[in-house]
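Below you'll find the structure, written out as structure tokens, and then a few comments.
The values are calculated or read from the model by the stated rules, or taken from the named source; none is laboratory data. A quick note: this is a predicted structure, and the numbers were derived from the prediction, not measured. No Cβ is skipped: glycine too gets one built from the backbone with ideal geometry, and neighbour counts run over all protein chains shown. To get the accessible areas, we keep the full protein, side chains included, count just its heavy atoms, and leave off ligands, DNA and RNA. Shrake-Rupley method; radii C 1.70, N 1.55, O 1.52, S 1.80 Å.
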Amino acid sequence: MIAVSSCLAGIRCRYNGTHSLVEKIEELVKQNKAVLICPEVLGGFPTPRESAEIIGGSGADVLDGSAKVIDKSGRDVTKLYVQGAYKALEIIKEVNASYVVLKENSPSCGSSMIYNGTFSSSKIPGEGVTAALLRREGIQVISENELLDMA
Ligand code: SF4
């Protein structure tokens, strides 16, 4: 069993109510080979919701309390992001997922790139809050691009 970002399987759970379908991932879910996780929904956010970016660091810094997740209106939503990461971790441990495929660039799910905190569509190397937590727990995290490269 693996776990995947829900939006990659076609669930409309992105901040703006859209999905990021990758057919190969949808297929894995249909074959019961993958469970869905959306850390932001698990954290308690509605869909749609405001976009948010990590300010002052990366996901690991958020977990350590030295960076924050701020939404576009300037509200500090760090707590919900951390909460969602821990809930996702719980599910992943329950199903004993061998690895996890997370949507690149997200402040939760990004595994090698995230937005830089200026809401200007600029990306920087880094990982989201959930990706950072899972890696700390020794769980392998890859992006949808890496999964497709494996084919
Ligand atoms: S990138 Fe992650 S947190 Fe964002 S919608 Fe997809 S699954 Fe949810």
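Here are a few things to note about the model shown:
- Given 15 as the ceiling on other Cβ atoms within 10 Å, longest exposed-site-free region of the chain for trypsin sites (Lys or Arg not before Pro) in DSSP loops: 76-151
- Shown are Ser20, Ser98, whose ranking by accessible area with a 1.4 Å probe and every protein chain present, most to least, is Ser98, Ser20.
- Lysines whose Cα lies under 25 Å from that of Lys33, excluding same-chain neighbours fewer than 8 positions away: Lys24, Lys87, Lys93, Lys103
- The angle between the Cα long axis of helix 78-94 and the longest principal axis of the Cα atoms of the chain comes to about 20 degrees, rounded to the nearest 10.
- Taking every C-alpha pair closer than 8 Å and separated by at least 6 residues, the mean separation divided by the residue count of the chain gives a relative contact order of 23 percent.
- Gain upon complete extension [Val95, Glu50; 0.36 nm per residue less C-alpha separation]: 13.2 nm
- Here each label is just a point 7 Å from Cα along the line to Cβ, and for Asn16 and Lys72 those points are 0.8 nm apart.
- Solvent-accessible surface of protein heavy atoms, probed at 1.4 angstrom with all chains present, puts Asp76, Asp149, Asp61 in the order Asp149, Asp76, Asp61, largest first.
- With both residues required to sit in segment 2-149, DSSP beta bridges show an antiparallel share near 45%.
- Over the chain: helical MRE at 222 nm, DSSP H runs n ≥ 4 each giving -39500 (n - 2.57), nearest 500: -9500 deg cm²/dmol
- Residue ranking by accessible heavy-atom surface, 1.4 Å probe, largest first, among Val35, Val101 comes out as Val35, Val101.
- Average accessible surface for the chain: 48 Å² per residue, computed with a 1.4 Å probe over protein heavy atoms with every protein chain in place.
- Accessible-area composition of segment 2-149, carbon plus sulfur, in percent [1.4 Å probe]: 49 percent
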